[in-house]
């Protein structure tokens, strides 16, 4: 709600958009708004105060509103509002050494959120909303070394509904927080009842970024990026990784897939073995017919 409130406030600062009827918002008006936003809103005392990524979020908010209007039959068509090029991609990954630094220096709940997200790829919003009833934890590890699973029941899309394995490291953190919480939530504030605020995590991470002199893209969400990147490096196929991540679009998942020489070699070896097996099967069939 806060995100959309902020985005609409930014859109409505441009009077031509604020005063336009929905069916009058076209590609030309969107382009005029974009030029205005990048030139006027993003420059202050010669320094850029927001990025192409921010303007892309505003454009996406406008596009979503127009699509809802079309679905409700308020308008007939929606203008094309593609993503602007030039947006910086976050690529920061938490190393094991840095995670140990967080164990030593990071405040709670930030450290627990970072560690759990790095372990299983759950995002901060899903951790905030996680219920005790959705943590199916076992005392003993299974054959893969997992202690049960966490069930994600809700999300932006149906793809977000998934189950994630509980690693030994995640088990300890989850058990500690569940013991302290007096509500249905796994993670709660000091009163044991109120949910954790996303803004608390953002503020704590900003202080850690300054303390450890981390790059601009070292954010709370980077922990989930770390888990998916590490999973991709194992050579897992794209569709399995998509399921673990909960991505609706496989193109989002592809950036985490990193084919290595061994995995490429293994793939071609499997192809050769399959071809040889097929040839043997064909020869047997021909021999049996003769």
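Readers should treat all values here as calculations from the given coordinates under stated rules, not as data from a laboratory. What you are looking at is a predicted structure, and each value in this text was computed from that prediction instead of being measured. Please note: Cβ atoms are built from the backbone with ideal geometry, for glycine as well, and neighbour counts cover all protein chains shown.
Data overview
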read-out	value
Simple label model, 7 Å out from Cα along Cβ direction - residue 29 to residue 190, nm	5.0
GNM result for the chain, Cα springs below 10 Å: residue of 147, 102, 14 fluctuating most strongly	14
Net lengthening on full extension, residue 252/residue 175 (0.36 nm per residue, minus Cα-Cα)	24.5 nm
Residue 269 paired with residue 20, simple spin-label distance in nm, labels 7 Å along Cα-to-beta-carbon	5.8
Candidates 38, 131, 201: whichever shows maximal mean-square fluctuation once the chain is modelled as a Gaussian network with Cα springs under 10 Å	38
Dimensions (Å) - region 1-159, Cα atoms, principal axes, largest first	62, 44, 24
Additional length obtainable on full extension of the chain from residue 207 to residue 89, 0.36 nm per residue less Cα span	40.3 nm
Helix 168-180 axis, angle to the chain major axis (alpha carbon atoms, nearest 10°)	50
Pairwise FRET efficiency - residue 197 versus residue 70, Cβ, R0 = 35 Å, nearest 0.05	0.50
Segments 30-37, 81-88, 116-123, 224-231 sorted - mean Cβ within 10 Å per residue, highest first	116-123, 224-231, 30-37, 81-88
Contact order relative to length of the chain, as percent, for alpha carbon pairs under 8 angstrom and 6 or more apart	15
Compactness of region 152-257, expressed as Rg and Dmax over alpha-carbon positions, Å	16.1, 43
Residue of 109, 168, 79 that the Gaussian network model of the chain assigns the largest fluctuation, springs spanning Cα pairs under 10 Å	79
If the convex hull is drawn through the Cα atoms of the chain, its volume per residue in Å³	233
Within region 185-210: backbone nitrogen closer than 16 Å to the residue 1 label point (7 Å, Cα to C-beta)	195-199
